[in-house]
Amino acid sequence: MTPPGQRKTARQVGAFIIVGISATVTHFTVGLVVFYLLPLNLSALWTNFIAFCVAFLVTYFGNALFVFPGTRLGPASFLRFLSVSLVSLGLNQIIVYVLVDRFAVPYWQALIVVLMVIPPATFFGMKYWGVRGLGSGPQDR
């Protein structure tokens, strides 16, 4: 028999994957549209930042409402989610910069590397710090 804590974490991971896929598709789509289709002539880093900002909204509401459903929405939760997301963005930008600007890897391939590294790091950051103390009780973690 699986302990309740493990079942809860498994449910959270499942919900995180669904929210993460939604945010990832958003990030990837916005990034490709801004970089390749819009006549903005932005660098890969600016494009990636714009895509991140749009995807952050999907991440924030998805995580707060579905992954960690006891989280109270408001300034405290927003700032914690934003903090975890900004660390993730920093790692994301470093990966994109190194691969695209230093090693001339195509942007779309750099995004694949980002997708393999950033989501697991973000889940643990959200679970163990981002929502800690922001729900209606310990069962919300």
Q. How much length is gained on full extension from PHE78 to PHE66, taking 0.36 nm per residue of separation minus their Cα-Cα distance?
A. 2.8 nm
(Q) Quick query: amide H of LEU73 versus all other amide H atoms, modeled in the peptide plane; which residues come in under 5 Å with a sequence gap of 5 or more or a different chain? (A) none
Q: Please name whichever of VAL98, PRO69, ILE21 sits farthest to the positive end of the charge dipole of the chain, dipole taken about the Cα centre and charges placed at Cβ: Lys and Arg +1, Asp and Glu -1.
A: PRO69
Q: Assign unit charges at the C-beta atoms only (+1 for Lys and Arg, -1 for Asp and Glu), then state the dipole size of the range 4-133 relative to its Cα centre in Debye, rounded to the nearest 20.
A: 580
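Tell me, in nm to one decimal, what length is gained between VAL117 and TYR97 on full extension, where the rule is 0.36 nm per residue of separation less the Cα-Cα distance?
Details: separation 20, 0.36 × 20 = 7.20 nm, distance 1.47 nm.
Value of the extension gain: 5.7 nm.
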**Q.** Residue-by-residue Karplus 3J(HN,Hα) for the range 67-74, coefficients 6.51, -1.76, 1.60, Hz, glycine and proline x
**A.** 7, 10, x, x, 5, 7, 6, x
**Q.** Descending Cα extents along the principal axes, the chain, whole Å
**A.** 50, 34, 21
Q. Could you give the length gained on full extension between ALA10 and TRP108, defined as 0.36 nm per residue of separation minus the Cα-Cα distance, in nm?
A. 32.2 nm
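How big is Rg to Rh over the range 39-109, alpha-carbon atoms, Rh as the Kirkwood inverse-mean-distance radius? Spell out each step's value before the answer.
Values: Rg = 14.7 Å, Rh = 13.5 Å.
Here the Rg-to-Rh quotient is 1.08.
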(Q) What distance in nm separates the two pseudo spin-label positions at TYR128 and LEU38, each 7 Å out from Cα along the beta-carbon direction? (A) 3.6
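Laboratory data are not the source of any read-out in this text; all were calculated from the coordinates shown. If you're wondering where the values come from, they're calculated on a predicted model, not measured in any experiment. Here Cβ is always computed from backbone atoms with ideal geometry, including for glycine, and neighbour counts include all displayed protein chains.
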